[in-house]
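Accompanying notes for the structure given below.
Values in this text are rule-based calculations from the coordinates and carry no lab data. Everything numeric here is computed off the predicted structure, so don't read it as measured data. Here the Cβ positions follow ideal geometry from the backbone for every residue, glycine too, while neighbour counts run over all protein chains shown.
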Amino acid sequence: MSADQKSQMVHPLILGIETSCDETSVAVLDPEGRVLSNVIASQVEQHATYGGVVPEVAARAHLENLPRTLERALAQSRVSLDNINIVAATAGPGLIGALLVGLSAASALAFARRIPLVAVNHLEGHLFSAFLTPDGQPAHEVVYPFHGLVVSGGHAELVRVEEERVVPLARTRDDAPGEAFDKVARRAGLPYPGGPVIDTIAARSHGGRVALPIGRLGDGSNDFSFSGLKTAMLREFEKRGVSGKPLDPDAIDPDLVDLFASFQRAIVDALLERVEAIYRTEGIERLALSGGVAANSELRARLAAWGERRRVSVTLPVRALTTDNAAMIAWAGWLRYRRGGPQSAETVPARSRWPLGS
Ligand code: KG4
Ligand code: ZN
């Protein structure tokens, strides 16, 4: 590291790269967590016809999108590559081919510029994203310990975060909540991704309820299960003759609107029930919500209200940073680097599975 690079490390700039699933994203952050740029190239359209993410399509699209996403992120932050002091890239969990694209680019940058590369767990990225703020403000202070609820298309995890470790408390045994939203929407003929579509539809409900199961495992654990709810929804679709032919979300009948609202409510009920159970067993002082499903209006409103009732400080993520983005990767990478956590050499393996806390 040159003397110039050393002096820059007092106020380093962090480059984040995210390519674990279907968003190619590059961000530049300063050490106070100001998001100087966060460019996201979404592949949603490429995958929409399949109703889900196709791994090979994703890897190829990352390869095509990454160079210009990087250029745009640097241009928007008015930073040149020479001023970057740390590279943070998602190393897992995710699609191997997709991860390798971002990770190889990050390794090459770190190697060429002789700067550290931090391999970031995508879930840890989500976990700490709740502390980032909009409009170039510094991030909120991270006070340990705190509890984190990460709910996305691939995960539902409730964890306790201490300064030196993450302790898993509950996770999904089958579908993730975002996956349940997406699968149910797909079977109803609604556009992909289903979460935001169902969120909008549910807001039009006048309160009619359809009784649906809240996944309880019956084994005394706090783990989540959403597959029973999904199956119950498919049965409701059958009863109503919903066949999966394309449905216009703006023109569905009131009974179906109520059904989707009941489905969303059941998912939020399940999440809140488990948060309450953890609150009762070990206490929660601070709770940070994150992941794609953290954009859900009902979940945000009801978790905030729960926090007020229980006097728990609830941190809701900025909506734009709930789905996959590189700002959260840069931020989690920087926090890890600052804590002196394990830093990797230039060759870091991509990991399709990488549970939080391991
Ligand atoms: O975190 P994310 O971008 O990707 C994963 O790491 O999985 O989450 C994407 C998921 C999708 O399943 C999408 O349907 C869901 O987040 N999602 C929502 C909402 N916005 C996105 N689910 C419910 N309500 C929303 N408003
Ligand atoms: Zn994610």
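Let's see if you can work this out: charge +1 on each Lys and Arg Cβ, -1 on each Asp and Glu Cβ, no other charges. What is the dipole magnitude of segment 172-261 about its Cα centre, in debye to the nearest 20? Mind dumping the intermediate values first?
Working: 12 positive and 14 negative charges, 42 e Å.
The dipole of segment 172-261 has a size of about 200 debye.
Provide, in order from the shortest bin, the percent of all Cα-Cα pairs of segment 239-358 in each 5 Å bin, continuing until the bin that contains the maximum pair distance.
2, 8, 12, 15, 15, 15, 12, 9, 7, 3, 2, 0
Got a sec? Charge dipole of the chain, +1 on Cβ for Lys and Arg, -1 for Asp and Glu; which of Val268, Leu70, Thr323 is way out at the positive end?
Sorting the options by dipole projection puts first Val268.
For segment 261-294, list residues with backbone N below 18 Å from a point placed 7 Å from the Cα of Lys239 toward its Cβ?
261-267
Output the relative contact order of the chain, whole-number percent, from Cα pairs under 8 angstrom with separation of 6+ residues.
Numbers: 774 pairs, mean separation 87.5, N = 358.
Rounded, it is 24 percent for the chain.
Could you give the dipole magnitude of the chain about its Cα centre, charging the beta-carbon of Lys and Arg +1 and that of Asp and Glu -1, in debye to the nearest 20? Could the numbers behind the result be given before it?
Numbers: 38 positive and 41 negative charges, 71 e Å.
Around 340 debye, computed over the chain.
Between rounded, prolate and oblate, where does segment 37-175 land on the alpha carbon gyration tensor, with a ≥ b ≥ c its root eigenvalues, rounded for a/c under 1.5, else prolate if a/b exceeds b/c? Provide the component values of the computation, followed by the final result.
Numbers: a/c = 1.70, a/b = 1.13, b/c = 1.51.
The shape class here is oblate.
Taking the Cα atoms of segment 135-255 alone, what are Rg (to one decimal) and Dmax (as a whole number) in Å?
So, for segment 135-255, Rg and Dmax equal 17.8, 53 Å respectively.
Projecting each Cα onto the charge dipole of the chain (Lys/Arg +1, Asp/Glu -1 at the beta carbon, about the Cα centre), which of Gly148, Val184, Ala41 comes out farthest on the positive side?
Sorting the options by dipole projection puts first Gly148.
Fully extended, how many nm does the chain gain between Tyr279 and Glu164 (0.36 nm per residue separation, minus their Cα-Cα distance)?
Full-extension gain reported as 39.3 nm.
For segment 42-131, give the magnitude of the charge dipole about the Cα centre (Cβ charges: +1 Lys/Arg, -1 Asp/Glu; no others), in debye to the nearest 20. Don't skip to the end; give the middle numbers.
Working: 6 positive and 6 negative charges, 54 e Å.
Magnitude of the dipole: close to 260 debye.
Please list log₁₀ I(q)/I(0) at q = 0.09, 0.15 Å⁻¹ for the chain, using the Debye equation with identical point scatterers on the alpha-carbon positions.
Results for the chain at q = 0.09, 0.15 Å⁻¹ read -0.50, -1.27.
Have a look at Val197, Val293, Gly220 and report the one farthest towards the positive end of the charge dipole of segment 193-313, computed about the Cα centre with Cβ charges (Lys/Arg +1, Asp/Glu -1).
The one lying farthest along the dipole's positive direction is Gly220.
Under a point spin-label approximation (7 Å from Cα along Cα-to-Cβ), what is the Ala75-Gln46 distance to one decimal in nm?
Simple spin-label model gives 2.0 nm for this pair.
If each residue's Cβ is checked for other Cβ atoms within 10 Å, how do Phe224, Phe260 rank with the fewest at the top?
Ranked by crowding around the Cβ, least crowded first: Phe224, Phe260.
Grab the alpha carbons of segment 107-155, take their convex hull, and tell me the volume per residue in Å³.
On the way: hull volume 7.1 nm³, N = 49.
Value for segment 107-155: 145 Å³ per residue.
What ranking of Trp354, Trp331 emerges when the number of other C-beta atoms within 10 Å of each C-beta is taken as an exposure proxy, fewest first? Before the final figure, lay out the partial values.
Details: Trp354 20, Trp331 29.
Ranked by crowding around the Cβ, least crowded first: Trp354, Trp331.
When the helices in the chain are scored as -39500 (n - 2.57) per DSSP H run of 4 or longer and the sum is shared across all residues, what 222 nm value do you end up with, to the nearest 500 deg cm²/dmol? Let's see the in-between values first.
Values: 11 runs with 149 residues, N = 358.
Here the helix-only value at 222 nm equals -13500 deg cm²/dmol.
Over its Cα atoms, what ratio of radius of gyration to 2.2 N^0.38 Å does segment 3-117 give?
On the way: Rg = 14.6 Å, N = 115, 2.2 N^0.38 = 13.4 Å.
For segment 3-117, the normalised Cα radius of gyration comes out at 1.09.
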